[in-house]
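Below is one structure, written out as structure tokens, with a few remarks after it.
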Amino acid sequence: MTEAILRQPPLAAVAAVTGPKRRPRVWLSRLTLTDFRGYPAAELTADGRPLVLCGPNGAGKTNLLEAISFLAPGRGLRRASAGDIGRRTPGQDTPGGWAVAARVVTPDGERQLGTGREAETPGAENDRKSERRTVKIDGAVARGRHSLSEVFSVVWLTPQMDGLLRDGPAPRRRFLDRLVYGFDPAHARRVAAYEQALRERARLLRSGRAEDAWLAALEDAMTRHGIAIAAARRALVARLNAVCAARPGAFPAPGLALDGAVEAWLEDGPALEAEDRLRDGLAASRARDGETGGASLGPHRCDLAVCHLGRAMAAGLCSTGEQKALLVSIVLAHTQLLTLEHGGPPLLLLDEIAAHLDGARRTALYEEILDLGVQAWMTGTEAAVFAPLGRAAQFVRVENAALHPAPAAENHGKIMP
Ligand SMILES: Nc1ncnc2c1ncn2[C@@H]1O[C@H](COP(=O)(O)OP(=O)(O)OP(=O)(O)O)[C@@H](O)[C@H]1O
Ligand SMILES: [Mg+2]
């Protein structure tokens, strides 16, 4: 391990740094957890540098990243149900309440975000709504989780996503949508509205008692939102491809493409024509969709196809490390694009990021994070792999669901002055 670190090239960008090189334009400056997973109460103050969270297995590193991921639309980086999050103690049968609060610095000033869920009442009939978490933005209850994407965006890579480029399309679509949120905050609302209309139509078709007018209204909503969703995904994929192809460096260039009927219609003709085709297609497939329980057409059928341009090979056929490097490449290109176009990078949550990356790629990743001025939250069991970051990162020791400031990792006298 030590030898590998000594062989890493020096981090030029870090060499002269003793504090935050420059603060990112969007960063989380304080995080407070209450009864969240293993944490009874914890507070972390961040100073704008990337963060490195180190500690043994089960210490609470991923839990902390998960808490931050709840400050974005969706179900967080584990896709857990809100009822599993509250801190469990021995002998407790009903899930407890929990809360995550954060102060976020943005170009529009400081924003206060909060999310959480009330405790269930023992013995009472707790309805499905208690599954949902409440979101507050600047002290006011937000209309939905999708409102969070209007404040900032959060993108993550976790070990569970190692198979993202190889396995089924649904997680890839979610990954792509999360990237779109940063550019188009309304995308999260549209995706939620589309999925709700899709579920409602499926329920009606299953019941066999659906009125045509009702179905037509739902299909109209699916069409309006669906075409906008497909168009936003296409626009981002085109811009990301341009950035990926031009990016020099240690990470392989990915080629991205959308594979789906609606996306192909948008390629071939105007959006209005694609709308008509989707509306007509949905109306024509009611009987079949009633049997299968879904919808055979729509942006929920689309797949994000990724290839390794240098190898001219589908990403799913690449090695585990190459797939991880391709994902990192996409996330870095996205960060670059978001900073260029919107002036504010996303927050990056990089769980166990060093796994599968060789020493040169790890160093390149740290360099890019510092160059991009992005607040990346990185976890690992060994602080030594983050040594090249030295004092350019804020180190936090996580132990038994408690957070302690830690000195910069030992840098073996080779990288930092
Ligand atoms: N609702 C909960 N209440 C209490 N503890 C919980 C709850 N959910 C998970 N935990 C505990 O949190 C711990 C896992 O934390 P986490 O996944 O953050 O560990 P980690 O530091 O990322 O470890 P690793 O290095 O293995 O990935 C486990 O010990 C688990 O039992
Ligand atoms: Mg973990």
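The values are calculated or read from the model by the stated rules, or taken from the named source; none is laboratory data. Because the structure is predicted, anything quoted here is derived from the model rather than measured. Cβ atoms come from the backbone with ideal geometry, glycine included; neighbour counts cover every protein chain shown.
Per-structure values
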item: Odd one out for P299 among (1) under 30 Å from D358 (Cα atoms); (2) surrounded by 19 or more Cβ atoms within 10 Å (Cβ to Cβ); (3) out of contact with any Leu (no Cβ under 7 Å at 6 or more places or on another chain); result: (1)
item: Any chance A261 is surrounded by fewer than 13 Cβ atoms within 10 Å (Cβ to Cβ) and either over 23 Å from the mean Cα position of the chain (by Cα) or under 24 Å from Y181 (Cβ atoms) (or both); result: no
item: For S329: the one exception among (1) modelled with pLDDT under 95; (2) in a helix (DSSP H, G or I); result: (1)
item: Listing of strands (runs of 3 or more DSSP E) fully contained in the stretch 39-108 that carry 3 or more residues being more than 8 Å from ligand 1 (Cβ to nearest atom) and under 18 Å from L350 (Cα atoms); result: 51-54
item: Those residues of the stretch 143-162 which are modelled with pLDDT of 95 or more and more than 16 Å from ligand 2 (Cβ to nearest atom), in sequence order; result: V154, V155
item: Close pairs from the stretch 140-165: first within 17 Å of R79 (Cα to Cα) and away from ligand 1 (no atom under 16 Å from the Cβ), partner assigned to a strand (DSSP E or B) and modelled with pLDDT of 95 or more, Cβ under 6 Å, at least 6 apart; result: R145/V135; V154/L347; V155/L348
item: Members of the stretch 380-400 found to be outside any strand (DSSP E or B) and within 16 Å of ligand 1 (Cβ to nearest atom), listed by number; result: T381, E382, A383, A384, V385, F386, N400
item: Out of W214, W156, sole residue that is surrounded by fewer than 16 Cβ atoms within 10 Å (Cβ to Cβ) and in contact with a Leu (Cβ under 7 Å, 6 or more places away or on another chain); result: W214
item: Single unsatisfied condition, G208 versus (1) surrounded by fewer than 22 Cβ atoms within 10 Å (Cβ to Cβ); (2) at pLDDT below 95; (3) at negative phi; result: (3)
item: Any hit, the stretch 349-363, residues being under 12 Å from L157 (Cβ atoms) and away from ligand 1 (no atom under 16 Å from the Cβ); result: yes
item: Filter pass, L176 being within 21 Å of W377 (Cα to Cα), touching a Leu at 6+ places or on another chain (Cβ under 6 Å) and crowded, with 16+ Cβ neighbours inside 10 Å; result: yes
item: Selection from the stretch 388-401 of residues that are buried (at least 20 other Cβ atoms within 10 Å of the Cβ), closer than 18 Å to K61 by Cβ and not polar (S, T, N, Q); result: L389, A393, F395, V396, V398, A401
item: Qualifying position, being more than 15 Å from the chain's Cα centre (by Cα), in contact (Cβ under 8 Å) with a residue 60 or more places away in the chain and outside the structural domain of A250 (by TED's automatic domain parsing), among D351, D371, D358; result: D371
item: Flag for G114 being more than 16 Å from ligand 2 (Cβ to nearest atom), at pLDDT below 95, within 17 Å of L33 (Cα to Cα) and small (G, A, S); result: no
item: Some residue of the stretch 56-71 being under 17 Å from S153 (Cβ atoms) and either surrounded by fewer than 20 Cβ atoms within 10 Å (Cβ to Cβ) or in contact with a helix residue (DSSP H, G or I) (Cβ under 8 Å, 6 or more places away or on another chain) (or both); result: yes
item: Top-ranked residue of the stretch 340-379 - restricted to ones that are small (G, A, S) and at positive phi, ranked as surrounded by the fewest Cβ atoms within 10 Å (Cβ to Cβ); result: G343
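Quick grid of which residues meet (1) within 16 Å of ligand 2 (Cβ to nearest atom); (2) of a type in the set (S, T, N, Q); (3) part of a helix (DSSP H, G or I):
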{"site": "Q336", "(1), (2), (3)": "no, yes, yes"}
{"site": "P345", "(1), (2), (3)": "no, no, no"}
{"site": "L349", "(1), (2), (3)": "yes, no, no"}
{"site": "A360", "(1), (2), (3)": "no, no, yes"}
{"site": "D371", "(1), (2), (3)": "no, no, yes"}
{"site": "M378", "(1), (2), (3)": "yes, no, no"}
